[in-house]
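Colleague: Handing you a structure now.
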Amino acid sequence: MTDSPKTSQQNIIRALIGFVIYLLLNPIILFASAGTTKWNLAWVYSISTIALTVISRIFMIRKFPDLAQERASHRQVEGVKAWDRVLGAIVGLFGNLAILLVAGLDKRLGWSAAVALPISWGAVVIGVGVGFLLGSWAMLENRYFSAVVRIQEDRGHTVCTTGPYRLVRHPGYAGALLFYILTPFILGTLWALIPAALTVAALVIRTALEDKTLQEELEGYIGYTQKTRYRLLPGIW
């Protein structure tokens, strides 16, 4: 069922408000839990991720306005897998916020030993420069890069095989995995590796379930798996 213009506009407004809140919530939780704003690595993390997120969404809206509408309406669309309502929330929101909360508390209470600054900057380059940008590239390559797992029959869902999808079947998740696991090193707070590992575990489970769904329900996907063998990590899985 197609949304009316008024409903679509309301969905977009709600999505924009939610997007802004999400962007601001990250540094708020990070600095509030740390009890200080005098944390240079946290500023590097916050500014770089907010800037890249905004830029990638602007490009996405310009290239695929229908994808922007799909992502804005992800809470109302039909056909979303029940398990994805839980895993999607963990991977896309609560897992990341848990990482930042623990990182801030680690900074405040000094739970873990200091991380050498070159390691933190290396994590910035790889985690943000590679992981974050890989996820953005996947979104800008795939017109069906929805925020939820569903077969988008209403949008003429087809298999994307170009760009990073030639390397792995789920490059968006691959980028997120790299970003999440390196965030504790970016911030220099190793206790945050605990929620990071749990978030990555949820991400791997979601990847497996989504891949199974696509193989069973999306025409042409099985043929794609025979050409692009690995889901997340080339040569491994």
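Colleague: On the basis of being of a type outside the set (Asp, Glu), at pLDDT 90 or above and closer than 30 Å to Leu218 by Cα, does Gly92 make the cut? Step through it out loud before you land on a result.
Modeller: Values: of a type outside the set (Asp, Glu): yes; at pLDDT 90 or above: no; closer than 30 Å to Leu218 by Cα: yes.
Here the answer is no, as Gly92 does not meet what is asked.
Colleague: What's the number of the condition Arg143 fails, among (1) surrounded by 20 or more Cβ atoms within 10 Å (Cβ to Cβ); (2) touching a helix residue (DSSP H, G or I) at 6+ places or on another chain (Cβ under 7 Å)?
Modeller: Condition (1) is where Arg143 drops out.
Colleague: For region 84-98, check the following and say yes or no: at least one residue is more than 30 Å from Arg155 (Cα to Cα) and out of contact with any strand residue (DSSP E or B) (no Cβ under 6 Å at 6 or more places or on another chain).
Modeller: First, the residues of region 84-98 that are more than 30 Å from Arg155 (Cα to Cα): 97-98.
Next, from what is left, pick out any that are out of contact with any strand residue (DSSP E or B) (no Cβ under 6 Å at 6 or more places or on another chain): 97-98.
Yes, because at least one residue in region 84-98 is more than 30 Å from Arg155 (Cα to Cα) and out of contact with any strand residue (DSSP E or B) (no Cβ under 6 Å at 6 or more places or on another chain).
Colleague: Could we say that Val124 is of a type in the set (A, V, I, L, M, F, W, C) and either in a loop (DSSP other than H, G, I, E, B) or loosely packed, with under 15 Cβ neighbours inside 10 Å (or both) here? Spell out how you get there, then give the answer.
Modeller: Details: of a type in the set (A, V, I, L, M, F, W, C): yes; either in a loop (DSSP other than H, G, I, E, B) or loosely packed, with under 15 Cβ neighbours inside 10 Å (or both): no.
Against the criterion (of a type in the set (A, V, I, L, M, F, W, C) and either in a loop (DSSP other than H, G, I, E, B) or loosely packed, with under 15 Cβ neighbours inside 10 Å (or both)), Val124 does not qualify.
Colleague: Same structure again: Do any helices (runs of 4 or more DSSP H) lying entirely in region 130-237 carry at least 2 residues that are within 19 Å of Val91 (Cα to Cα), and which ones are they? Let's see the steps before the verdict.
Modeller: On the way: elements: 133-141, 171-187, 193-217, 221-227.
The qualifying helices (runs of 4 or more DSSP H) are 133-141, 171-187, 193-217.
Colleague: I want to confirm something. Restricting to region 153-169 and keeping residues that are in contact with a helix residue (DSSP H, G or I) (Cβ under 7 Å, 6 or more places away or on another chain) and more than 16 Å from Tyr230 (Cβ to Cβ), which single residue is surrounded by the most Cβ atoms within 10 Å (Cβ to Cβ)?
Modeller: Applying the first criterion (in contact with a helix residue (DSSP H, G or I) (Cβ under 7 Å, 6 or more places away or on another chain)) to region 153-169 yields 155, 159-165, 168-169.
Still in the running and more than 16 Å from Tyr230 (Cβ to Cβ): 155, 162.
Details: Arg155: 16, Thr162: 8.
Among them, the one singled out is Arg155.
Colleague: Out of region 128-187, which residues are within 18 Å of the chain's Cα centre (by Cα) and among the polar types (S, T, N, Q)?
Modeller: Ser136, Asn142, Ser146, Thr183
Colleague: Among the residues in region 170-185, are any within 14 Å of Thr207 (Cβ to Cβ), out of contact with any Pro (no Cβ under 7 Å at 6 or more places or on another chain) and hydroxyl-bearing (Ser, Thr, Tyr)?
Modeller: Yes, some residue in region 170-185 is within 14 Å of Thr207 (Cβ to Cβ), out of contact with any Pro (no Cβ under 7 Å at 6 or more places or on another chain) and hydroxyl-bearing (Ser, Thr, Tyr).
Colleague: Answer yes or no as to whether Thr207 is at pLDDT 95 or above, in contact with a Gly (Cβ under 6 Å, 6 or more places away or on another chain), polar (S, T, N, Q) and surrounded by 19 or more Cβ atoms within 10 Å (Cβ to Cβ).
Modeller: Values: at pLDDT 95 or above: yes; in contact with a Gly (Cβ under 6 Å, 6 or more places away or on another chain): no; polar (S, T, N, Q): yes; surrounded by 19 or more Cβ atoms within 10 Å (Cβ to Cβ): yes.
For Thr207, the condition - at pLDDT 95 or above, in contact with a Gly (Cβ under 6 Å, 6 or more places away or on another chain), polar (S, T, N, Q) and surrounded by 19 or more Cβ atoms within 10 Å (Cβ to Cβ) - is not met.
Colleague: Now for a different question. When region 86-110 is examined, which residues are found to be in contact (Cβ under 8 Å) with a residue 40 or more places away in the chain and within 15 Å of Ser146 (Cβ to Cβ)?
Modeller: Initially, region 86-110 is screened for residues in contact (Cβ under 8 Å) with a residue 40 or more places away in the chain, giving 87-88, 90-93, 95-108.
Scanning region 86-110 gives Leu87, Gly88, Val91, Gly92.
Colleague: Look through Val102, Val148, Val128, Val115 and report the one residue that is modelled with pLDDT of 95 or more and not aromatic (Phe, Trp, Tyr). Full working, then the answer.
Modeller: Numbers: Val148 fails: modelled with pLDDT of 95 or more; Val128 fails: modelled with pLDDT of 95 or more; Val115 fails: modelled with pLDDT of 95 or more.
Of Val102, Val148, Val128, Val115, the one residue that is modelled with pLDDT of 95 or more and not aromatic (Phe, Trp, Tyr) is Val102.
Colleague: Also, quick follow-up: Can you pull out the helices (runs of 4 or more DSSP H) entirely within region 37-119 that have at least 2 residues that are more than 24 Å from Val204 (Cα to Cα)? Before you say what the answer is, go through the steps one by one.
Modeller: Numbers: elements: 40-63, 65-72, 82-89, 95-109.
Counting at least 2 such residues, we get 40-63, 65-72, 95-109.
The values are calculated or read from the model by the stated rules, or taken from the named source; none is laboratory data. Remember, it's a predicted structure, so these values are computed and weren't measured experimentally. We place every Cβ from the backbone using ideal geometry, glycine too, and count neighbours over all the protein chains shown.
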